Amino acid sequence: MERKTSTIIGDEICAVCLDLSATVELHPCYHRVICRKCVCRLDDRKCPICRMEISNVLIRGFEHICSEEWFEDKPNATREANCNDLSQKIQEQCKPQLPGSNDFVTTFVTYNDPKESTEAYSLSFESILKRRRAHEELIKKHAYQVVITGSQGVDTPGLVSELRKLFPLKHDFRTAQRSLWQQAQSLQSNGNEIFTRLLTGGNSVFSVKIDQLVDIFHSTEVYFPNLEVNSIPINLRRLSIWELLYNLRTVMGGSFDVMMLCCDARCKKSFEELLSLDELLRNRYAPGKNRIWVVLHFNERSTDENFLSSDQVSRAFYQIPMNQRPCDLIFMRQKALCNFWHREMMQRMVHHARNYRKLTRLGNAEAGKNSTCCSM
(Lines give C-alpha, C1' and ligand atoms only; values in the text may rest on other atoms or scores of the structure.)
Protein backbone atom coordinates (compact mmCIF):
# COMPACT_ATOMS: atom_id res chain seq x y z
CA MET A 1 0.00 0.00 0.00
CA GLU A 2 1.36 3.39 -0.94
CA ARG A 3 1.92 5.70 2.00
CA LYS A 4 0.50 9.22 2.06
CA THR A 5 1.80 12.19 3.97
CA SER A 6 -0.62 14.40 5.84
CA THR A 7 0.28 17.56 3.94
CA ILE A 8 2.75 19.11 1.57
CA ILE A 9 5.44 21.25 3.19
CA GLY A 10 4.40 24.86 3.57
CA ASP A 11 0.66 24.15 3.29
CA GLU A 12 0.14 23.54 7.00
CA ILE A 13 1.54 25.13 10.12
CA CYS A 14 2.56 23.39 13.34
CA ALA A 15 -0.41 22.18 15.38
CA VAL A 16 1.39 23.04 18.65
CA CYS A 17 2.80 26.55 18.22
CA LEU A 18 0.60 27.59 15.25
CA ASP A 19 3.55 29.60 13.99
CA LEU A 20 6.18 27.61 12.08
CA SER A 21 5.70 25.22 9.17
CA ALA A 22 5.09 21.55 9.98
CA THR A 23 8.38 20.26 8.53
CA VAL A 24 8.74 17.18 10.75
CA GLU A 25 7.20 13.90 9.66
CA LEU A 26 6.63 11.30 12.39
CA HIS A 27 7.31 7.66 11.63
CA PRO A 28 5.85 5.07 11.31
CA CYS A 29 2.50 6.91 11.10
CA TYR A 30 3.74 9.54 8.56
CA HIS A 31 1.81 12.39 10.18
CA ARG A 32 3.34 15.79 9.50
CA VAL A 33 1.73 18.20 11.97
CA ILE A 34 4.65 19.53 14.03
CA CYS A 35 7.67 21.79 13.52
CA ARG A 36 11.31 21.19 14.40
CA LYS A 37 11.00 23.42 17.47
CA CYS A 38 7.99 21.68 19.03
CA VAL A 39 9.11 18.13 18.27
CA CYS A 40 11.39 18.40 21.31
CA ARG A 41 8.36 19.05 23.51
CA LEU A 42 6.88 15.58 22.97
CA ASP A 43 7.38 13.67 26.21
CA ASP A 44 5.27 10.55 25.80
CA ARG A 45 6.89 9.38 22.51
CA LYS A 46 3.48 9.19 20.85
CA CYS A 47 2.05 10.94 17.83
CA PRO A 48 -0.34 13.73 18.91
CA ILE A 49 -2.80 12.65 16.19
CA CYS A 50 -3.02 8.84 16.23
CA ARG A 51 -1.10 8.12 19.50
CA MET A 52 1.19 5.66 17.72
CA GLU A 53 4.64 5.38 19.28
CA ILE A 54 7.26 7.36 17.36
CA SER A 55 10.43 5.55 16.32
CA ASN A 56 12.12 8.21 14.19
CA VAL A 57 11.38 11.53 12.53
CA LEU A 58 11.90 12.86 9.02
CA ILE A 59 12.84 16.53 8.70
CA ARG A 60 12.18 18.25 5.40
CA GLY A 61 13.11 21.67 4.10
CA PHE A 62 16.84 21.88 4.87
CA GLU A 63 16.96 25.50 3.75
CA HIS A 64 14.80 26.34 6.77
CA ILE A 65 16.63 24.09 9.23
CA CYS A 66 19.68 26.24 10.01
CA SER A 67 18.41 28.22 12.99
CA GLU A 68 18.95 31.92 13.46
CA GLU A 69 20.45 31.23 16.90
CA TRP A 70 23.18 29.17 15.32
CA PHE A 71 24.33 32.07 13.13
CA GLU A 72 23.44 35.00 15.37
CA ASP A 73 27.00 35.70 16.54
CA LYS A 74 28.76 34.95 13.25
CA PRO A 75 29.69 37.45 10.53
CA ASN A 76 28.21 37.11 7.05
CA ALA A 77 31.46 35.75 5.64
CA THR A 78 31.50 32.94 8.17
CA ARG A 79 27.83 32.23 7.53
CA GLU A 80 28.41 31.87 3.80
CA ALA A 81 31.48 29.70 4.37
CA ASN A 82 29.53 27.37 6.70
CA CYS A 83 26.66 27.04 4.25
CA ASN A 84 29.11 26.27 1.45
CA ASP A 85 30.80 23.65 3.59
CA LEU A 86 27.46 22.03 4.36
CA SER A 87 26.44 21.91 0.72
CA GLN A 88 29.81 20.74 -0.57
CA LYS A 89 29.92 17.05 -1.61
CA ILE A 90 32.90 14.83 -1.05
CA GLN A 91 33.76 12.88 -4.18
CA GLU A 92 35.15 9.82 -2.42
CA GLN A 93 32.66 7.08 -1.68
CA CYS A 94 32.42 6.07 1.98
CA LYS A 95 30.18 4.10 4.30
CA PRO A 96 27.72 5.69 6.74
CA GLN A 97 28.95 6.18 10.29
CA LEU A 98 27.38 3.91 12.88
CA PRO A 99 26.06 5.40 16.13
CA GLY A 100 28.63 5.40 18.92
CA SER A 101 28.22 4.92 22.64
CA ASN A 102 28.01 8.66 23.17
CA ASP A 103 24.39 9.78 23.64
CA PHE A 104 25.11 13.02 21.78
CA VAL A 105 26.09 11.19 18.60
CA THR A 106 23.51 9.88 16.16
CA THR A 107 23.41 8.84 12.52
CA PHE A 108 21.39 10.79 9.98
CA VAL A 109 20.35 9.30 6.66
CA THR A 110 19.30 11.68 3.90
CA TYR A 111 17.54 10.85 0.68
CA ASN A 112 15.61 12.54 -2.08
CA ASP A 113 11.90 11.77 -2.04
CA PRO A 114 10.63 11.57 -5.65
CA LYS A 115 7.35 13.14 -4.54
CA GLU A 116 9.06 16.00 -2.73
CA SER A 117 11.43 18.60 -4.15
CA THR A 118 13.31 18.94 -0.85
CA GLU A 119 15.82 16.61 0.76
CA ALA A 120 14.67 14.85 3.94
CA TYR A 121 16.82 13.98 6.94
CA SER A 122 15.90 11.05 9.16
CA LEU A 123 17.02 10.69 12.76
CA SER A 124 16.02 8.71 15.82
CA PHE A 125 13.40 10.29 18.06
CA GLU A 126 15.20 8.84 21.08
CA SER A 127 18.34 10.82 20.19
CA ILE A 128 16.30 14.05 20.18
CA LEU A 129 14.90 13.31 23.64
CA LYS A 130 18.34 12.46 25.03
CA ARG A 131 19.75 15.69 23.65
CA ARG A 132 16.94 17.77 25.09
CA ARG A 133 17.08 16.09 28.51
CA ALA A 134 20.83 16.63 28.71
CA HIS A 135 20.23 20.32 28.05
CA GLU A 136 17.44 20.43 30.65
CA GLU A 137 19.64 18.83 33.28
CA LEU A 138 22.35 21.39 32.60
CA ILE A 139 19.90 24.25 33.19
CA LYS A 140 18.38 22.67 36.30
CA LYS A 141 21.84 22.13 37.71
CA HIS A 142 22.43 25.87 37.87
CA ALA A 143 19.06 27.14 39.14
CA TYR A 144 16.58 26.15 41.84
CA GLN A 145 13.29 24.83 40.49
CA VAL A 146 10.31 25.99 42.57
CA VAL A 147 6.60 25.56 41.89
CA ILE A 148 3.64 27.38 43.46
CA THR A 149 0.21 25.81 43.31
CA GLY A 150 -3.20 26.15 44.89
CA SER A 151 -6.85 25.45 44.31
CA GLN A 152 -9.03 27.56 42.06
CA GLY A 153 -9.69 30.96 43.59
CA VAL A 154 -6.43 31.17 45.53
CA ASP A 155 -4.48 34.25 44.47
CA THR A 156 -1.31 32.47 43.36
CA PRO A 157 -0.95 34.73 40.24
CA GLY A 158 -0.82 37.81 42.50
CA LEU A 159 1.72 36.13 44.76
CA VAL A 160 4.02 35.21 41.86
CA SER A 161 3.71 38.70 40.36
CA GLU A 162 4.65 40.30 43.66
CA LEU A 163 7.65 38.02 44.11
CA ARG A 164 8.95 38.81 40.63
CA LYS A 165 8.74 42.53 41.40
CA LEU A 166 10.62 42.13 44.68
CA PHE A 167 13.29 39.78 43.30
CA PRO A 168 13.93 40.68 39.64
CA LEU A 169 16.45 38.75 37.57
CA LYS A 170 19.63 40.84 37.42
CA HIS A 171 21.94 38.64 35.38
CA ASP A 172 21.67 37.42 31.79
CA PHE A 173 21.28 33.71 32.38
CA ARG A 174 20.56 32.87 28.73
CA THR A 175 24.03 33.92 27.57
CA ALA A 176 25.69 32.04 30.42
CA GLN A 177 23.53 29.00 29.74
CA ARG A 178 24.58 28.83 26.08
CA SER A 179 28.22 29.17 27.11
CA LEU A 180 27.83 26.31 29.59
CA TRP A 181 26.13 24.17 26.95
CA GLN A 182 28.99 24.75 24.50
CA GLN A 183 31.52 23.88 27.20
CA ALA A 184 29.64 20.69 28.02
CA GLN A 185 29.63 19.72 24.35
CA SER A 186 33.37 20.28 24.00
CA LEU A 187 34.13 18.32 27.17
CA GLN A 188 31.97 15.34 26.26
CA SER A 189 32.83 15.14 22.58
CA ASN A 190 36.25 16.85 22.32
CA GLY A 191 34.71 19.22 19.80
CA ASN A 192 34.47 16.63 17.01
CA GLU A 193 32.00 13.89 17.90
CA ILE A 194 29.08 16.31 18.03
CA PHE A 195 29.32 16.44 14.23
CA THR A 196 27.48 13.62 12.54
CA ARG A 197 27.79 12.33 9.02
CA LEU A 198 24.91 12.45 6.60
CA LEU A 199 24.71 9.99 3.75
CA THR A 200 23.53 11.68 0.53
CA GLY A 201 22.52 9.45 -2.32
CA GLY A 202 24.97 6.77 -1.17
CA ASN A 203 27.94 8.61 -2.72
CA SER A 204 28.87 11.66 -0.66
CA VAL A 205 29.05 12.67 2.97
CA PHE A 206 29.04 15.95 4.89
CA SER A 207 28.67 17.01 8.53
CA VAL A 208 25.85 18.81 10.30
CA LYS A 209 25.29 19.61 13.96
CA ILE A 210 22.19 18.10 15.52
CA ASP A 211 21.25 21.51 16.91
CA GLN A 212 20.81 22.74 13.34
CA LEU A 213 18.14 20.13 12.67
CA VAL A 214 16.04 20.40 15.82
CA ASP A 215 15.67 23.28 18.25
CA ILE A 216 16.43 22.03 21.76
CA PHE A 217 16.76 25.47 23.33
CA HIS A 218 13.18 26.74 23.17
CA SER A 219 11.77 23.58 24.72
CA THR A 220 13.88 24.16 27.85
CA GLU A 221 12.96 27.81 28.41
CA VAL A 222 10.47 26.74 31.05
CA TYR A 223 13.41 25.88 33.34
CA PHE A 224 15.22 29.23 32.97
CA PRO A 225 15.42 31.35 36.15
CA ASN A 226 13.00 34.26 36.33
CA LEU A 227 14.01 35.80 39.66
CA GLU A 228 17.02 36.08 41.99
CA VAL A 229 17.30 35.91 45.76
CA ASN A 230 20.71 36.96 47.10
CA SER A 231 22.30 36.33 43.68
CA ILE A 232 20.85 32.82 43.56
CA PRO A 233 18.89 32.12 40.34
CA ILE A 234 15.43 30.63 40.86
CA ASN A 235 12.89 29.35 38.38
CA LEU A 236 9.47 30.05 39.88
CA ARG A 237 6.55 28.39 38.11
CA ARG A 238 2.86 28.69 38.85
CA LEU A 239 0.84 25.57 38.11
CA SER A 240 -2.68 24.47 38.87
CA ILE A 241 -3.13 21.34 40.95
CA TRP A 242 -3.88 19.22 37.89
CA GLU A 243 -0.93 20.65 35.96
CA LEU A 244 1.36 19.84 38.88
CA LEU A 245 0.12 16.26 39.10
CA TYR A 246 0.54 15.84 35.33
CA ASN A 247 4.13 17.12 35.50
CA LEU A 248 4.94 14.73 38.33
CA ARG A 249 3.59 11.81 36.30
CA THR A 250 5.79 12.53 33.27
CA VAL A 251 9.25 11.09 32.68
CA MET A 252 10.93 14.33 33.75
CA GLY A 253 8.58 14.84 36.68
CA GLY A 254 9.74 15.31 40.22
CA SER A 255 12.40 17.84 39.23
CA PHE A 256 11.15 20.53 41.63
CA ASP A 257 13.37 21.41 44.57
CA VAL A 258 10.53 22.99 46.54
CA MET A 259 6.76 22.79 46.11
CA MET A 260 4.81 25.61 47.73
CA LEU A 261 1.20 24.61 48.42
CA CYS A 262 -1.05 27.64 48.94
CA CYS A 263 -4.48 28.11 50.46
CA ASP A 264 -6.60 31.14 51.32
CA ALA A 265 -7.30 31.83 54.99
CA ARG A 266 -10.69 33.25 53.97
CA CYS A 267 -11.80 29.97 52.36
CA LYS A 268 -11.73 26.71 54.30
CA LYS A 269 -12.42 24.70 51.16
CA SER A 270 -9.05 25.74 49.73
CA PHE A 271 -7.37 24.39 52.88
CA GLU A 272 -9.22 21.09 52.54
CA GLU A 273 -8.00 20.78 48.97
CA LEU A 274 -4.47 21.59 50.16
CA LEU A 275 -4.69 18.72 52.65
CA SER A 276 -5.85 16.32 49.93
CA LEU A 277 -3.08 17.45 47.57
CA ASP A 278 -0.43 17.11 50.27
CA GLU A 279 -1.59 13.57 51.01
CA LEU A 280 -1.28 12.65 47.31
CA LEU A 281 2.20 14.15 47.10
CA ARG A 282 3.69 12.57 50.20
CA ASN A 283 2.18 9.13 49.61
CA ARG A 284 2.30 8.75 45.85
CA TYR A 285 3.64 11.42 43.51
CA ALA A 286 6.47 13.16 45.42
CA PRO A 287 7.48 11.29 48.57
CA GLY A 288 10.46 12.87 50.28
CA LYS A 289 10.22 16.14 48.32
CA ASN A 290 10.31 19.53 50.02
CA ARG A 291 6.82 20.97 50.53
CA ILE A 292 5.92 24.27 52.15
CA TRP A 293 2.43 25.21 53.25
CA VAL A 294 1.58 28.86 52.58
CA VAL A 295 -1.57 30.41 54.10
CA LEU A 296 -2.45 33.59 52.21
CA HIS A 297 -4.46 36.56 53.57
CA PHE A 298 -4.03 35.38 57.14
CA ASN A 299 -5.49 37.61 59.85
CA GLU A 300 -4.97 36.37 63.38
CA ARG A 301 -7.39 38.94 64.81
CA SER A 302 -10.32 37.85 62.67
CA THR A 303 -13.34 36.40 64.48
CA ASP A 304 -15.15 35.27 61.34
CA GLU A 305 -16.05 31.57 61.47
CA ASN A 306 -15.19 31.15 57.78
CA PHE A 307 -11.61 32.25 58.39
CA LEU A 308 -8.89 29.74 59.12
CA SER A 309 -7.23 30.03 62.50
CA SER A 310 -3.58 29.27 63.20
CA ASP A 311 -4.66 26.47 65.55
CA GLN A 312 -6.61 24.69 62.81
CA VAL A 313 -3.71 24.83 60.37
CA SER A 314 -1.05 23.92 62.94
CA ARG A 315 -3.10 20.99 64.23
CA ALA A 316 -3.40 19.52 60.73
CA PHE A 317 0.29 20.21 60.09
CA TYR A 318 1.55 18.35 63.17
CA GLN A 319 -0.84 15.44 62.69
CA ILE A 320 1.25 14.38 59.69
CA PRO A 321 4.02 11.91 60.64
CA MET A 322 7.35 13.65 61.13
CA ASN A 323 9.10 11.76 58.34
CA GLN A 324 6.37 12.85 55.87
CA ARG A 325 5.63 16.32 57.21
CA PRO A 326 6.13 19.44 55.03
CA CYS A 327 9.38 21.23 55.74
CA ASP A 328 7.77 24.54 56.69
CA LEU A 329 4.53 26.40 57.41
CA ILE A 330 4.18 30.11 56.55
CA PHE A 331 1.31 32.46 57.43
CA MET A 332 1.27 35.38 54.99
CA ARG A 333 -0.14 38.16 57.14
CA GLN A 334 -1.84 41.10 55.51
CA LYS A 335 -0.45 44.65 55.36
CA ALA A 336 3.07 43.70 56.35
CA LEU A 337 5.65 46.48 56.34
CA CYS A 338 8.02 46.44 53.33
CA ASN A 339 6.61 43.10 52.14
CA PHE A 340 8.22 41.43 55.14
CA TRP A 341 6.43 38.08 54.74
CA HIS A 342 7.16 37.86 51.03
CA ARG A 343 10.86 38.28 51.75
CA GLU A 344 10.69 35.88 54.68
CA MET A 345 8.98 33.27 52.52
CA MET A 346 11.67 33.46 49.84
CA GLN A 347 14.47 33.28 52.40
CA ARG A 348 12.95 30.13 53.87
CA MET A 349 12.40 28.67 50.41
CA VAL A 350 16.06 29.20 49.49
CA HIS A 351 17.12 27.67 52.81
CA HIS A 352 15.09 24.50 52.23
CA ALA A 353 16.10 24.25 48.57
CA ARG A 354 19.77 24.61 49.52
CA ASN A 355 19.45 21.83 52.09
CA TYR A 356 17.79 19.63 49.49
CA ARG A 357 20.20 20.24 46.62
CA LYS A 358 23.45 21.65 48.05
CA LEU A 359 24.18 24.45 45.58
CA THR A 360 27.44 26.42 45.80
CA ARG A 361 28.50 29.57 43.99
CA LEU A 362 30.37 29.42 40.71
CA GLY A 363 33.12 31.57 42.15
CA ASN A 364 33.88 28.98 44.80
CA ALA A 365 37.21 27.34 44.05
CA GLU A 366 36.01 24.10 45.54
CA ALA A 367 32.95 23.94 43.25
CA GLY A 368 34.83 22.20 40.49
CA LYS A 369 36.19 19.57 42.83
CA ASN A 370 32.86 18.54 44.29
CA SER A 371 29.99 16.74 42.64
CA THR A 372 27.50 19.26 44.01
CA CYS A 373 25.56 21.57 41.74
CA CYS A 374 26.59 25.17 41.12
CA SER A 375 24.51 28.31 40.91
CA MET A 376 25.21 31.31 38.75
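The values are calculated or read from the model by the stated rules, or taken from the named source; none is laboratory data. Predicted model only: the values in this text are computed from it and were never measured. Note: ideal-geometry Cβ built from the backbone for every residue, glycine included; neighbour counts use all protein chains shown.
Structure above, values below:
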quantity	calculated
Per-region count, segment 279-303, residues over 24 Å from the mean Cα position of the chain (by Cα) and of a type outside the set (Ser, Thr, Tyr)	11
Test: residue in segment 152-163 that is under 19 Å from the mean Cα position of the chain (by Cα) and either among the small types (Gly, Ala, Ser) or modelled with pLDDT under 80 (or both)	no
Filter result (β-branched (Val, Ile, Thr) and surrounded by 15 or more Cβ atoms within 10 Å (Cβ to Cβ)) within segment 15-53	16, 23, 24, 33, 34, 39
Identity of the residue in segment 230-260, among the β-branched types (Val, Ile, Thr) and surrounded by fewer than 20 Cβ atoms within 10 Å (Cβ to Cβ), that ends up modelled with the lowest pLDDT	251
Residue pairs meeting the criteria (Cβ under 9 Å; at least 6 apart or on separate chains; first at pLDDT below 55, in segment 110-132; second aromatic (Phe, Trp, Tyr) and surrounded by fewer than 18 Cβ atoms within 10 Å (Cβ to Cβ))	none
Top-ranked residue in segment 268-325 [being among the basic types (Lys, Arg) and part of a helix (DSSP H, G or I); ranked as nearest to residue 146 (Cα to Cα)]	282
Check on residue 323, surrounded by fewer than 15 Cβ atoms within 10 Å (Cβ to Cβ) and touching a residue at least 40 places away in the same chain (Cβ under 8 Å)	no
Filtered residue count, segment 28-48, keeping only those that are touching a residue at least 40 places away in the same chain (Cβ under 8 Å) and either over 17 Å from residue 221 (Cβ atoms) or of a type in the set (Lys, Arg) (or both)	5
Cross-chain or 6+ apart pairs with Cβ under 6 Å, segment 270-281 first and touching a residue at least 60 places away in the same chain (Cβ under 8 Å), then among the small types (Gly, Ala, Ser) and not in a helix (DSSP H, G or I)	270/151; 273/151
Filter result for residue 274 (buried (at least 18 other Cβ atoms within 10 Å of the Cβ), of a type in the set (A, V, I, L, M) and at pLDDT 95 or above)	yes
Qualifying residue in segment 327-350 (condition: among the β-branched types (Val, Ile, Thr), closer than 20 Å to residue 238 by Cβ and in contact (Cβ under 8 Å) with a residue 60 or more places away in the chain)	yes
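The rows are residues; the columns are (1) assigned to a helix (DSSP H, G or I); (2) under 18 Å from the mean Cα position of the chain (by Cα).
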residue: 15; (1), (2): no, no
residue: 25; (1), (2): no, no
residue: 29; (1), (2): no, no
residue: 39; (1), (2): yes, yes
residue: 44; (1), (2): no, yes
residue: 48; (1), (2): no, no
residue: 51; (1), (2): no, no
residue: 58; (1), (2): no, no
